[in-house]
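One structure is given here, and the rest of the page talks about it.
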Amino acid sequence: MANPTSIKTVYPVIFIRQHTHKKTVNMYVSYKGIVIREALKGLDATKRADLLYAHNLLAEIKRRIEIGTFNYVDYFPKGSKRKTFGYSGSLMTLGEPLQNLIDESKRLNQSNSSIRSYKTRANRLSTLHAIKLVDLTATMIQQTFQDYIVEGLSSKYMSNILSVLRLSLDKALLDQVIRHNPLSQLKLQTLIKGQAKRKQSKAPKAPISPLNQQEIKAVLDACKYPQLRNMLTVGFFTECA
């Protein structure tokens, strides 16, 4: 089989490789002293818009390399160099930033009660700990909090759990481990507050305990005003009071 030939495009270091039965769009970029040559799947080598997309993607990769936030497998999960460059943030699970939050509170010498509180709230999210941050979705988070509602957790406790989750995901976003925070798509506080209102409306009302005969007599005897006494007498004995 003949080796594929490379064809230059109008965009520097974006090439079209001519294979036996197809053409592929490829990019070259240097990372940690190693030249990366990757085919960009799903792009049509005959379309200028796809070549422009490849050019812009390369610019984004170069910028991330410059500022030190490039994760090879984020862009090339099945790339030929994935073993060389490792998996970096792409395999980070939710349990890691939650633990980092606890470790940071220890480093800052926060009170033992605060550290225990972080641990308790983080442990409440244990069903999500093993999920990769890049795979964590708004639907997963919402289902977890709906389970809390079914379980009967108070709105205050759920809000505390939410605050720990938000801190962890905001830090992951700041570190560019994830590209968006799935919490931004949710209104969990609305869900939590709605549950608190539902609980209030479902709370049983205290039963009305009518006065007995002795209590009625005591009230009437204590009345100094005849008109008020007459009104109360009518009310007590006609159940209108």
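The values are calculated or read from the model by the stated rules, or taken from the named source; none is laboratory data. Being a predicted model, the structure only gives us computed values, none of them experimental. Heads up, the Cβs are rebuilt from the backbone with ideal geometry, glycines too, and the neighbour counts pull from every protein chain shown.
Computed quantities for the displayed model
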{"read-out": "Qualifying residue in the range 27-38 (condition: more than 34 Å from the chain's Cα centre (by Cα), without any contact (Cβ under 8 Å) to a residue 40 or more places away in the chain and assigned to a helix (DSSP H, G or I))", "value": "no"}
{"read-out": "Test: residue in the range 116-133 that is more than 21 Å from the chain's Cα centre (by Cα), more than 30 Å from Leu40 (Cβ to Cβ) and not in a loop (DSSP other than H, G, I, E, B)", "value": "yes"}
{"read-out": "In the range 146-170, the residues that are surrounded by fewer than 20 Cβ atoms within 10 Å (Cβ to Cβ) and within 18 Å of Gly95 (Cα to Cα)", "value": "Asn160, Ser163, Arg166, Leu167, Asp170"}
{"read-out": "Lys119 vs. criteria in contact (Cβ under 8 Å) with a residue 40 or more places away in the chain and either surrounded by fewer than 17 Cβ atoms within 10 Å (Cβ to Cβ) or not assigned by TED's automatic domain parsing to the domain that holds Ala172 (or both)", "value": "no"}
{"read-out": "Single unsatisfied condition, Tyr11 versus (1) at pLDDT below 85; (2) under 17 Å from Gly79 (Cβ atoms); (3) of a type outside the set (Lys, Arg)", "value": "(2)"}
{"read-out": "Residue match in the range 47-70 (condition: assigned to a helix (DSSP H, G or I), crowded, with 17+ Cβ neighbours inside 10 Å and touching a Lys or Arg at 6+ places or on another chain (Cβ under 8 Å))", "value": "no"}
{"read-out": "Residue count, the range 11-23 (criterion: surrounded by fewer than 17 Cβ atoms within 10 Å (Cβ to Cβ) and outside any loop (DSSP other than H, G, I, E, B))", "value": "2"}
